[in-house]
């Protein structure tokens, strides 16, 4: 009976914890038209190997990207032109950071760490939908862990093996 | 909310799923807090390793994970496709030691596992290992002769020849040589019917032979599909159409059946040229056109025998005209028959010694031996009996009828011998059919993949994956992984990374498909570092 109980409890944990098992966002919803602090939680390496590089792709519509430096890691940014022009407090923005990389680190498989980026979620983003931040962990000898799957219509992140962390977009605060 | 988010496990609902929701809810609060620190387990190492070929059956199977896990299901799928649950295992830290039964058979086994890690995320996969040699399309299956199937193939082929030569040739003789003469129409119709039945059955029998399955499986649609997929499928279609048209040609009044019966005569040649060893020889254009002409000559000559013999026997008013027209054209037809026959034997036999050394040569000699009396009779008819018969000499007519009957009987024997050629040299056409790959085509708006597993049968196969973007453009993938699973027999995902062989072609040189049946095929295409396309389809793997 005890075994059954623990299994049952473990199953419940699947329900509540599946999303946490992967590389995820600490806050899973945020209003548009506002700044947002995105905290990416990396709970393990690639099949036992330590993580050396963490790459976050910045989705379209997310601007004013400011990554938080981490001791022991070199910060890099990939910039480029956006598909659209966005309004950032009255200034039109056409280009900016499209990918953030923390390189040269050594996060062991049995360790946990967080990676932070402050961004601005433009009002053009679709309220009610989920915005995905695909993440790649790179480990020695070419090993990678890619949290890049985006659920198709009718699917949820739980249906996927390597879901990208998602942020549910809420109505602009005081927008009514 | 909690219940709705339980993982979906394949197949049976496990017993513990029935534990009352109360218990679950009570535990969930604690897990909600505790789970945050947990992580997701992955399989790091197994012994024996995935894809290993071992000399001896291993006593235990060990799996090492990146995190502590507890197994949910452990099944061993045996080479024959049956599976059983592995109940005896020990967990040592992150390593799972599974006790295997002592009496493992040789060939390929699959250890299919599903486990839950501390974070509660169920993970699963399959490890393939073989004892002795990997299961493959068993070589002994081709060495062993299935006599019932072989006899059926042979008899159906003779029936097809009767229809193609005597039936179609007969309808040509009735409409062209007979003019107003209708003798032999009924016999020709019967022969066409025999040919239709024989030709149709041949498809199924050829399929049985191609798949190397017993006669009892004739009701299996797969056998018919396999038969149609061999080169014989085209022959069967042409023969069927030609025979049906020949029936119309016979039924048509006056001279209207003549263009139809001429077309069916060409159909006979075409049906024969489309399959068989001779048609497959090089140079193809020469071999095929020679077979075409040879077939037409055989049908012209042998097809005329029954209508002519019957007309002469009945002493019909038009029989003399028919005989005259036949004897006027037959020298040309026989010349064509002999020349094409010699050409084909040169192409096929190549060197005289092969006549005695190969089964093909032996069949050829028997056929040649039977041709001697046929030609002797034909010559006797032509030079000794035709003239008096045309002048209505009753004894000459009677002897001519008897001689034609004997000729027909030997011709049927020759058909029987020629039908045996089907089994003589290593049948190239069927070797190709057996090696026919299983093909899966998957198209989504992101990407398109054409997966070929060759041969398309259980055992060691080579996978070739051709990629295109969703709108038929080039797709330059970074990584491609093939994932095979067979939920019906409990085989979890078997993953194999592919290597790039050409710009859009990815290959896996060796992948073992342990069981026949329907497999779920998934192609994971890493388009860029952050973009993955996952294509799913199904493949039918032959036994």
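Between residue A:116 and residue B:314, the modelled labels are 10.7 nm apart [label points 7 Å from Cα along Cα→Cβ]. Summary value for chain A: 32 percent relative contact order, contacts being C-alpha pairs under 8 angstrom separated by 6+ residues. What the Kirkwood sum gives for chain B is a hydrodynamic radius of 28.1 Å, with every pair of different alpha carbons counted. Our compactness index for segment B:210-344, the C-alpha radius of gyration over the empirical 2.2 N^0.38 Å, is 1.28. Rounded to the nearest angstrom and listed largest first, the equivalent-ellipsoid semi-axes of segment B:40-131 from its Cα gyration tensor are 22, 13, 12. Taken over segment B:437-541, the convex hull of the Cα atoms encloses 84 Å³ per residue. Applying 1/(1 + (r/R0)^6) with r as the Cβ-Cβ distance of residue B:324 and residue B:540 and R0 = 56 angstrom yields a FRET efficiency of 0.45. Extension gain, residue B:383 to residue B:454, is 19.7 nm, computed as 0.36 nm per intervening residue step minus the present C-alpha separation.
The label-point distance for residue A:173 and residue B:410, in a model that sets each label 7 Å from Cα toward Cβ, rounds to 10.7 nm. Shape index of the protein assembly as shown: Rg/Rh, with Rg the Cα radius of gyration and Rh the Kirkwood radius from the inverse mean 1/r over Cα pairs, equals 1.18. Axis angle, to the nearest 10 degrees, between helix B:284-313 and the longest C-alpha principal axis of chain B: 50 degrees. Sequence gap at least 6, Cα distance under 8 Å: using those rules, report the relative contact order of chain B to the nearest whole percent. Relative contact order of chain B: 12 percent. For segment B:145-431, the C-alpha radius of gyration divided by 2.2 N^0.38 Å, with N the number of residues, is 1.00. Stokes-Einstein, applied to the Kirkwood radius of segment B:138-228 over Cα pairs at a viscosity of 1.002 mPa s and 20 °C, places its translational diffusion at 150 µm² s⁻¹. Look at the alpha carbon pairs under 8 Å that are at least 6 residues apart: their mean separation over the length of segment B:145-431 gives a relative contact order of 22 percent.
Measuring r between the beta carbons of residue B:105 and residue B:147 and using R0 = 25 Å, the FRET efficiency lands at 0.35.
Against chain B, whose longest principal axis comes from its Cα atoms, helix B:257-273 is set at around 50 degrees. Measuring r between the beta carbons of residue B:133 and residue B:155 and using R0 = 35 Å, the FRET efficiency lands at 0.40. Name all residues of segment B:483-517 having a backbone nitrogen under 12 Å from the label point set 7 Å from the Cα of residue B:51 along its Cα→Cβ direction, giving them as ranges. From segment B:483-517, the list is B:495-499, B:507-513. Between residue B:179 and residue A:79, the modelled labels are 9.9 nm apart [label points 7 Å from Cα along Cα→Cβ]. Stokes-Einstein diffusion for segment B:483-528 at 10 °C, viscosity 1.306 mPa s, with a Kirkwood radius from C-alpha pairs, works out to 133 µm²/s.
Extension gain, residue B:82-residue B:349: 0.36 nm per intervening residue step, less the Cα-Cα distance, totals 91.4 nm. For chain A, adding -39500 (n - 2.57) for each run of n ≥ 4 DSSP H residues and dividing by the number of residues yields -4000 deg cm²/dmol at 222 nm.
Axis angle, to the nearest 10 degrees, between helix B:232-251 and the longest C-alpha principal axis of chain B: 40 degrees. Multiplying each eigenvalue of the alpha-carbon gyration tensor of segment A:21-170 by 5 and taking the square root yields semi-axes of 26, 19, 12 Å, largest first, rounded to whole angstroms.
Any read-out appearing in this document is the output of simple, stated calculations on the displayed coordinates, not a laboratory observation. This structure is a prediction, so every number in the text was calculated from the model and none was measured. Here Cβ is always computed from backbone atoms with ideal geometry, including for glycine, and neighbour counts include all displayed protein chains.
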